[in-house]
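Q: My structure is below; once you've seen it, I'll send some questions.
The values are calculated or read from the model by the stated rules, or taken from the named source; none is laboratory data. All values derive from a computational prediction rather than experimental measurement. Glycine also receives a Cβ, built like all others from the backbone with ideal geometry; neighbour counts cover every protein chain displayed.
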Protein chains: 2
Amino acid sequence: MESVFEIIAEPNRRAILSLLVSSHQSVGEIERQLRMPQPTVSKHLRVLRDAGFVESTVDAQRRLYRLKPGPFAELDSWLAQFRRFWSAHVDALERHLDRMDRLEKDQSPTKKKTKQKTSRPKQ
Amino acid sequence: MESVFEIIAEPNRRAILSLLVSSHQSVGEIERQLRMPQPTVSKHLRVLRDAGFVESTVDAQRRLYRLKPGPFAELDSWLAQFRRFWSAHVDALERHLDRMDRLEKDQSPTKKKTKQKTSRPKQ
DNA sequence: CACGTATATACCATTTAGAGTATATAAAAG
DNA sequence: CTTTTATATACTCTAAATGGTATATACGTG
């Protein structure tokens, strides 16, 4: 698992990263907030640290983890090649999502067009 | 494999997506350019289509695949929560990247309210 | 020192994604 | 109709990631 893409493919790791956006956290704090077993947290943090997503500092027995910017820049850089493309469609997309919001829920199984995730890319 | 993150975790799929940035391509064209076995291409395209990354149109026996914007917007949306963080940290690096793929923009050196730029045209 | 707390890691078992191969479907060409 | 071209899919196998459990390490405190 070398690529940044594989790193963020794991939901628990994304949750940890999102937690760390606000501020640095200890392993125990992450464990409690995300309700994961401690070894799980430690193992994911290990992966994240090896990939350069986070760094840790020592505070007595605690380890405080914080984000590092590098891999995010790399992700953004990859996404950049597509950005002009999708941002050109972004208006149409938003309209489309608005429509999906109303129609959502029932997609008849008879027709299998490309399925669209119904989560909101808007913020 | 439902999340867009898992979809782009696969290198061959990222290669296919990058290929499709320029224009739509048939399965055979992708196969030749990327030197993948045809079933591999078809299977990855299936995954990409199910996830909404691409769509296909029929041209005789060929299927022409092209990008769809939705999932890219979703990725960008996730990345957005980190963007202010890392762009603040890698300000110098960002300027470097901007210099590399500069097309226009970059009005004043004074930093305003960390306004979020959703697109940085690059190529 | 012995003990509790905080974190890391080793080991095992399960699951799943991906590759490879063969085959199915479908359209066009002869 | 038979063959060729283009693409999709079914099947099997293997590798690797993840979770769970137990244990190791390290620091702090009484």
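Q: Identify, by number, the condition in (1) surrounded by fewer than 20 Cβ atoms within 10 Å (Cβ to Cβ); (2) within 14 Å of another protein chain (Cβ to nearest Cβ); (3) within 29 Å of residue B:71 (Cα to Cα) that residue A:55 doesn't meet.
A: Result: residue A:55 passes all but (3).
Q: Turning to a different aspect of this structure: Kindly indicate whether residue A:29 is under 19 Å from residue A:75 (Cα atoms), at pLDDT 95 or above and away from DNA strand D (no atom under 11 Å from the Cβ).
A: Judged against the criteria, residue A:29 is not a match.
Q: Name the pairs: first residue in the stretch B:45-60 and within 11 Å of DNA strand D (Cβ to nearest atom), second residue among the small types (Gly, Ala, Ser), Cβ to Cβ under 9 Å, at least 6 apart or on different chains?
A: Listed by first residue and then by second, the contacts come to B:45/B:56; B:49/B:56; B:59/B:26.
Q: Go through the stretch A:59-72 and report how many residues are buried (at least 17 other Cβ atoms within 10 Å of the Cβ), assigned to a helix (DSSP H, G or I) and within 8 Å of chain B (Cβ to nearest Cβ).
A: The qualifying residues number 1.
Q: On to the next question. May I ask you to say which residue of A:75, A:19, A:34, A:45 is within 16 Å of DNA strand C (Cβ to nearest atom), within 14 Å of another protein chain (Cβ to nearest Cβ) and at pLDDT 60 or above? I'd like the intermediate steps shown before the answer.
A: On the way: A:75 fails: within 16 Å of DNA strand C (Cβ to nearest atom); A:34 fails: within 14 Å of another protein chain (Cβ to nearest Cβ); A:45 fails: within 14 Å of another protein chain (Cβ to nearest Cβ).
None of the others qualify; the one that does is A:19.
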